[in-house]
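Have a look at the structure below, then the notes.
Nothing in this text is a laboratory measurement; each read-out follows from the coordinates by a stated rule. Since the model is a prediction, treat every value here as computed from it, not as a measurement. With ideal geometry, Cβ positions are generated from the backbone for all residues, glycine too; neighbour counts draw on all protein chains shown.
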Amino acid sequence: MAKTAFEVLIDQMDDKVQQLQEHIGNGKAETFEEYKRTCGEIRGLLTARGYVLDLKDKLETSDE
């Protein structure tokens, strides 16, 4: 079965969050500013992911 646009977006967000977490976890954030920026990017992606999941659920339940 082909992935929906929602699933593709969620997968892309998950991949990026994982990359950013590995970046921080491996100690590659060279400055505190870079660390804060990366944490903010992770937070933003997770927030957007939640919005996409909520929209997906609302659209699926409205079809029933």
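In region 15-64, which residues are exposed (fewer than 13 other Cβ atoms within 10 Å of the Cβ), in a helix (DSSP H, G or I) and more than 16 Å from the chain's Cα centre (by Cα)?
Gly25, Phe32, Glu33, Lys36, Asp57, Lys58, Leu59, Glu60, Thr61, Ser62
Restricting the first residue to region 34-52 and requiring it to be in contact (Cβ under 8 Å) with a residue 12 or more places away in the chain, which pairs with a second residue that is of a type in the set (D, E, K, R) meet a Cβ separation below 7 Å and a spacing of at least six or different chains?
Short answer, once both residue conditions are applied: Leu45/Lys16.
Filter region 8-22 for residues that are in contact with a helix residue (DSSP H, G or I) (Cβ under 8 Å, 6 or more places away or on another chain) and either at positive phi or not hydrophobic (A, V, I, L, M, F, W, C) (or both) and give the result. Please lay out each step first, then the result.
Narrowing region 8-22 to residues in contact with a helix residue (DSSP H, G or I) (Cβ under 8 Å, 6 or more places away or on another chain): 9-10, 13-14, 16-17, 20-21.
Matches in region 8-22: Asp14, Lys16, Gln21.
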